[in-house]
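*Asks:* Below are the structure tokens for one structure; questions will follow.
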Amino acid sequence: MRAVDCIIKKRNGEKLTEENINELVRGYVTGKIPDYQISAFLMAIFFQGLDFEETWMLTNAMISSGKRFDFNEISGIKVDKHSTGGVGDKVSLLLAPIAAACGCTIPMMSGRGLGHTGGTLDKLESLPGYRVFLKEEEVHSILAADGFVMMGQTEDFVPADKLMYALRDVTGTVESIPLIASSIMSKKIAEGSNALVLDLKCGSGAFMKNIHDAKKLAEYIVGTAKTAGLKIKVVISDMERPLGRTIGNYNEVLESAAALRGNADKRLAELTYRLAGWMILLSEKAASLEEAIGMAENAVASGAAFKLFLQNIEHQGADVDYILNPKTLYTYTKNVCAEKSGYITKMNSYNVGVASVYIGCGRRTKEDSIDHYAGIEVLKNVGDKVTVGEPIFTLCYNNGDVQTACELLQSAIEISDDKPKDSEIIFEEI
């Protein structure tokens, strides 16, 4: 069947066969099917969806498009964590050294920013020299030395996902549940993990805007994991407001370093320790979740996690001086201030994330480069009291559309006379 026939078939809401999906994926990877046809295919899926069987067939086709890792020489369970993407979400940078300090083995395959959300690889590459594309023997040696390795997709590792991931970012098809599920699981299965903790974001700054859609995605992820024989825990967490005190790349790495030294934003710490606890429990390094969370907290308090963090930075080619002696690598700053006095009752994460893209923290087109040193500091957050003229955000930038960024940040804020109730950061665990 021709590619266009498969596109029409899915556009019309018909079910695809395994042969249809394999031909499309294989044709795209080999260059026989162009971007514009796969863009149409992705859009057809966005509107018509895939059922569980089709999602697994797409996941499997993506896995089969390239090489897989095998860590059988390393004893025990290999566990990973994945986030569906948020604003200010630097949890992976914290979790990997924390869980590794507790005895977990973590081959962490990460991605780049999608749309308004940041990417772990982009953050890590703000440290000059940090290498996320590693030879297979390097992956094994760093994993053995540090207990975790932070890596990106090389050209021959699940290349179908790498190509589609970039295309989804610029074609308005990021939020598709089956596409998210197949993208996540193809990498996690191919990277050699036996267990996965998924931080499924829900809210204005997430791709899943409400709990109903978050649960639906969780069903797809859990079903795919079980089909592949992976142990899995899904944690649905709040993304109505930015996570932590910074949005960007290098500034989020610095915030992560501070958190690993015990100076973490309250909500960031709560989510991090919970997710770390599940990673430790799935790795069978603790007898209960409470014990596992205690181990994670001790890994930070003792300095063991921060030590591993610095060790990994060196092993992956970067200079720890960028952590120990932070650099100012932006030229300008600009405050966005409260227009009236009162309590911040809402901070729309989506608007904040898009604002960060306008000053270079993310990509507006597939070919865009990132300014690793631009960023937004969150000086006040939901629940905080402000007076008129008081700074709520500080933009740190070198260039970009600063006026639009400021307008977006201003529109993200709601202020009222009444202090809002504290909201839980974790909605549900599946």
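*Asks:* So what are the ³J(HN,Hα) numbers for region 250-267, from phi and the Karplus equation (6.51, -1.76, 1.60; θ = phi - 60°), rounded to whole Hz, Gly and Pro as x?
*Replies:* Whole-Hz 3J(HN,Hα) from phi for region 250-267: 4, 5, 6, 5, 5, 5, 4, 4, 5, 5, 5, 9, x, 10, 9, 3, 4, 5.
*Asks:* Do any trypsin sites (Lys or Arg not before Pro) in region 103-156 lie in a loop, going by DSSP, with at most 12 other beta-carbon atoms within 10 Å of their beta carbon, and if so which?
*Replies:* When the trypsin sites (Lys or Arg not before Pro) of region 103-156 are filtered for loop state and at most 12 Cβ neighbours within 10 Å, 135 remain.
*Asks:* What is the packing order of peptides 283-295, 300-312, taking the mean over residues of other C-beta atoms within 10 Å and listing the highest first?
*Replies:* Descending mean neighbour count gives 300-312, 283-295.
*Asks:* Over 17 Å, how big is the tail of the calculated P(r) for region 36-154, in percent of all Cα pairs?
*Replies:* So the pairs more than 17 Å apart make up 66 percent of the total in region 36-154.
*Asks:* Report the residue, chosen from 237, 110, 341, that carries the largest GNM mean-square fluctuation when the chain is represented by alpha-carbon nodes joined by springs under 10 Å.
*Replies:* 341
*Asks:* Moving on to the next point. Would you mind telling me the share, in percent, of accessible area of region 82-231 contributed by carbon and sulfur at probe 1.4 angstrom?
*Replies:* 53
*Asks:* Starting from the exponent 0.38 and prefactor 2.2 Å, build the expected Rg for region 224-370 from its residue count and divide its actual Cα Rg by it.
*Replies:* So the Cα radius of gyration is 1.27 times the expected 2.2 N^0.38 Å.
*Asks:* Across bins of 10 angstrom width beginning at 0, how are the C-alpha pair distances of region 146-240 distributed, in whole percent?
*Replies:* 15, 43, 37, 5
*Asks:* Give me, ordered by chain and number, the residues 5 or more places off residue 149 or on other chains with an amide H under 5 Å from its own placed amide H.
*Replies:* 106, 108
*Asks:* Also: Over the Cα atoms of the chain, how large are the radius of gyration and the largest Cα-Cα distance (Dmax), in Å?
*Replies:* Rg then Dmax for the chain, in Å: 21.0, 64.
*Asks:* Counting only residues 5 or more places away or on other chains, whose amide H sits under 5 Å from the amide H of residue 427 once H atoms are built in the peptide plane?
*Replies:* Under 5 Å from the amide H of residue 427 lie the amide H atoms of 236, 237, 238, each far enough along the sequence or on another chain.
*Asks:* Suppose we keep just the alpha-carbon trace of region 312-430; what are its Rg and Dmax in angstrom?
*Replies:* 17.0, 51
*Asks:* At 222 nm, what value in deg cm²/dmol follows for the chain if DSSP H runs of at least 4 each add -39500 (n - 2.57) and the sum is divided by all its residues, to the nearest 500?
*Replies:* -14000 deg cm²/dmol
*Asks:* Can you give me the C-alpha center-to-center distance between region 222-260 and region 315-372, rounded to a whole angstrom?
*Replies:* 18
*Asks:* Here's something else I'd like to know. Region 283-307 to region 381-430: how many Å between their Cα centroids?
*Replies:* Centre-to-centre (Cα) distance: 32 Å.
*Asks:* So which residue, out of 262, 147, 205, gets the largest mean-square fluctuation from a GNM of the chain using Cα contacts under 10 Å as springs?
*Replies:* 262
*Asks:* For the peptides 27-33, 80-86, 371-377, what is the packing order when you average, over each peptide's residues, the other Cβ atoms within 10 Å and list the highest mean first?
*Replies:* Descending packing order for the listed peptides: 80-86, 371-377, 27-33.
*Asks:* Give me the log10 of I(q) over I(0) for region 386-430 at q = 0.25 Å⁻¹, as the Debye formula computes it from C-alpha points; what are the numbers?
*Replies:* Relative scattering, expressed as log10 I(q)/I(0), comes to -1.01.
*Asks:* Another question about this same structure. Measuring from centroid to centroid over Cα atoms, what is the spacing of region 102-140 and region 51-95 in Å?
*Replies:* Region 102-140 and region 51-95 have Cα centres spaced 13 Å from each other.
*Asks:* Given H placed on each backbone N at 1.01 Å, which residues far from residue 337 in sequence or on other chains put an amide H within less than 5 Å of it?
*Replies:* 392
*Asks:* Pairwise over distinct Cα atoms, reciprocal of the mean inverse distance: report the Kirkwood radius of region 265-323 in Å, one decimal place.
*Replies:* So the Kirkwood estimate lands at 12.5 Å.
*Asks:* To check my understanding: the extent here is largest minus smallest coordinate of the Cα atoms along each principal axis. What are those three numbers for region 1-101, in Å, largest first?
*Replies:* On the principal axes, region 1-101 reaches 52, 35, 26 Å in Cα extent.
*Asks:* Determine the per residue accessible area of the chain with all protein chains present and a 1.4 angstrom probe, expressed in square angstrom.
*Replies:* With the other protein chains kept in place, the chain gives 39 Å² per residue.
*Asks:* Note down the relative contact order for the chain as a percent, whole number, built from C-alpha pairs under 8 angstrom at least six residues apart.
*Replies:* Relative contact order, the chain: 19 percent.
*Asks:* Next up: Aspartates and glutamates near residue 307 by alpha-carbon distance under 13 Å, same-chain residues fewer than 8 away left out - which ones?
*Replies:* Leaving aside aspartates and glutamates fewer than 8 places away in the same chain, those within reach of residue 307 are 146.
The values are calculated or read from the model by the stated rules, or taken from the named source; none is laboratory data. From a predicted model like this one, the values you see are computed outputs, not experimental measurements. Every residue, glycine as well, gets a Cβ built from its backbone with ideal geometry; the counts of neighbours run over all protein chains shown. Keep in mind that these areas ignore ligands, DNA and RNA; they rest on the heavy atoms of the full protein, side chains included. Shrake-Rupley method; radii C 1.70, N 1.55, O 1.52, S 1.80 Å.
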